[in-house]
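Encoded as structure tokens, the structure appears first; notes follow it.
The values are calculated or read from the model by the stated rules, or taken from the named source; none is laboratory data. Worth saying up front: this structure is predicted, and the values here are computed from it rather than measured. When we count neighbours, we look across all protein chains shown, and the Cβ atoms used for this are built from the backbone with ideal geometry, even at glycine.
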Amino acid sequence: METLLIITGALALLSAALPWRRVINAVNLAGYLAYAAVTALLVRSHLAGTDGPATGLFHHDALTLLILIIISVVGFAGALYSAPFIAGEIERHRLSPFKYRKYFALYNLLFFAMTLLVLADNIGVMWVSIEATTLASALMVSFDNRHEAVEAAWRYLLICSIGIAFALFGTVLTYYASSHAGGPESGSLSWRTLLTSAATIDPASMKFAFLFLLLGYGTKAGLVPMARWKPRTYGEAPSPVSAVLAGGLVACSLYTLVRFAVLCGAVLGQATVGRYLVFFGLISVVFSVPLIIAENDVKRIFAYSSIEHVGIIVVGLGFGTFYGIYGALLHILNNAVMKTALFMSAGNLVSATGEKDVRRLSCMIRSTPLITIGFLAAVVAVTAMPPFSLFLSEFNILRGGLQSGGYLAVGVLLVAFLLVFIAFYVKFSQVAFGDECRADARPVARRQQLIPVVLLMPMLMLGFFIPDPLHRLLVEAAGLFGVKP
């Protein structure tokens, strides 16, 4: 497990030290291929039952491995996409050549922090890691030093720091509740120890802790009421940064919520925790839909879509049934890969046209066919249209809602799905097939154009068939909530 931290840490140092772009590119791509290979070996040994007991500061289980898979995919795709994007910005004199090294150093520091967050067995180390992701990603949001980007980074830093302060208070309360349990395992910050002693933890303190943790880590995930940083941050950040934040960092933030939902469910009962999750999840979905309809900035539309999908995932967890939780965990994976592809395809469109307002984009299929095809495929995928795998995860969440008796929540979700689909169809069909065709598209590197399309291919496959190793990981991760198929 420590190998993953060594890889990302070494990549950060090498990216800062090496002066040659091609060498930096090769080192980063090789590094993330190695990261993926190590993750695959961890998955294989875990499913075979040969990974041995967890010891020390680090541990991994099925949930950890699911998020590591996401980090592997987003990390490699992001590095592959970032190289031509940043090089293009330098060629247009929007960035200085020195910024190339700085970008990849920050990129790898962000992935180091995300990896530490996921592997840590200690809730204090987890909190430090999530704060580190905030600092690294804020510097990446303001990377081009535009006034709008710097302002967005400050807003992001301020709101997320407030959220992280809530999470810190919730962490302290968790320790307090554990310390009053009595016995040799009281006062621990270890996940494993907290779960084994859950029956003796003070429920009154833990209830307050969960509310602060939900608000705190929900801020990082983009859960209402602390989600207003997302549209401006995603809208103003460089496109590869938006993709990594919406794909990798949101998944890691949701990981923290899942962990604490499991712990607090063991202390307070899953029904109590589930009510809070369904409430905040539905509020996020309802909040995002009218803003998706009203917004015209393409990247901000997708930011509001990210808020909606975080809400859907949290609602699925809150239903508390096997299918709801299984669907929510699958949705974390689907949303991470599809949002990465979505923001990359949007970035390609903006790079080609210099325009983010969908009202000024029309008939792009003629001037930028490959970019537009990738963009439309990503839009169709994120609206959960079959055969893409987002349909399968949302179907399971709805099935779990019906299984739990949450008919009102299921109805709200169905109405939201329909409204978002109509909004996306109206806005983006005009972008692709409108009457006034643009002939002034700028060239975009072929690699940039292909990456979103390639990312969507496994999502298409998962819509038809979930491989057995992934299915077993999802079933085992859902079992942390005490549910079985």
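Residues are listed down the side, and each one gets a yes or a no for (1) surrounded by 24 or more Cβ atoms within 10 Å (Cβ to Cβ); (2) farther than 23 Å from LEU68 by Cα; (3) touching a Pro at 6+ places or on another chain (Cβ under 8 Å); (4) hydrophobic (A, V, I, L, M, F, W, C):
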position: SER288; (1), (2), (3), (4): yes, yes, no, no
position: VAL337; (1), (2), (3), (4): yes, no, yes, yes
position: LYS356; (1), (2), (3), (4): no, yes, no, no
position: ILE365; (1), (2), (3), (4): no, yes, no, yes
Selection from segment 410-428 of residues that are farther than 13 Å from LEU291 by Cα and of a type in the set (Phe, Trp, Tyr): PHE417, PHE421, TYR425, PHE428
Segment 438-469: number of residues that are at pLDDT below 90, surrounded by 13 or more Cβ atoms within 10 Å (Cβ to Cβ) and over 12 Å from ILE371 (Cα atoms): 1
Among residues of segment 257-272, those that are part of a loop (DSSP other than H, G, I, E, B) and within 25 Å of the chain's Cα centre (by Cα), counted: 0
Residue ID - surrounded by the fewest Cβ atoms within 10 Å (Cβ to Cβ), chosen from residues in segment 381-425 that are over 23 Å from the mean Cα position of the chain (by Cα), farther than 23 Å from VAL475 by Cβ and among the hydroxyl-bearing types (Ser, Thr, Tyr): TYR407
Inter-residue pairs, beta-carbon under 6 Å, first more than 19 Å from LEU317 (Cβ to Cβ) and in segment 462-485, second aromatic (Phe, Trp, Tyr), 6+ apart: GLY463/PHE388
Filter pass, GLU308 being under 18 Å from LYS427 (Cα atoms), in a helix (DSSP H, G or I) and acidic (Asp, Glu): yes
Residue count for segment 353-372, restricted to those that are outside any loop (DSSP other than H, G, I, E, B), over 24 Å from the mean Cα position of the chain (by Cα) and not hydroxyl-bearing (Ser, Thr, Tyr): 9
Scan of segment 163-179 for residues that are of a type in the set (Gly, Ala, Ser) and at pLDDT below 90, ordered by number: ALA177, SER178, SER179
Of residues in segment 76-121 being at pLDDT 95 or above and among the polar types (S, T, N, Q), the one farthest from LEU135 (Cα to Cα): THR115
Residue identified as under 29 Å from PRO369 (Cα atoms) and modelled with pLDDT of 95 or more among LEU349, LEU333, LEU329: LEU333
Some residue of segment 314-328 being in contact with a Cys (Cβ under 6 Å, 6 or more places away or on another chain), touching a residue at least 12 places away in the same chain (Cβ under 8 Å) and not small (Gly, Ala, Ser): no
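Mind telling me which of the residues ALA113, ALA105 ends up being more than 13 Å from PRO240 (Cα to Cα), without any contact (Cβ under 8 Å) to a residue 24 or more places away in the chain, part of a helix (DSSP H, G or I) and not acidic (Asp, Glu)?
Sole residue among the options that is more than 13 Å from PRO240 (Cα to Cα), without any contact (Cβ under 8 Å) to a residue 24 or more places away in the chain, part of a helix (DSSP H, G or I) and not acidic (Asp, Glu): ALA113.
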Yes/no for LEU80 being out of contact with any Leu (no Cβ under 6 Å at 6 or more places or on another chain), among the aliphatic types (A, V, I, L, M), in contact (Cβ under 8 Å) with a residue 40 or more places away in the chain and part of a loop (DSSP other than H, G, I, E, B): no
Residue among PHE58, PHE85, PHE98, PHE76 that alone is aromatic (Phe, Trp, Tyr) and under 17 Å from the mean Cα position of the chain (by Cα): PHE76
Qualifying residue in segment 146-169 (condition: in a loop (DSSP other than H, G, I, E, B), in contact with a helix residue (DSSP H, G or I) (Cβ under 9 Å, 6 or more places away or on another chain) and either free of Cβ contacts under 8 Å to residues at least 24 places away in the same chain or farther than 15 Å from LEU106 by Cβ (or both)): yes
Selection count where residues are of a type outside the set (A, V, I, L, M, F, W, C), part of a helix (DSSP H, G or I) and over 30 Å from GLN448 (Cβ atoms), scope segment 374-432: 8
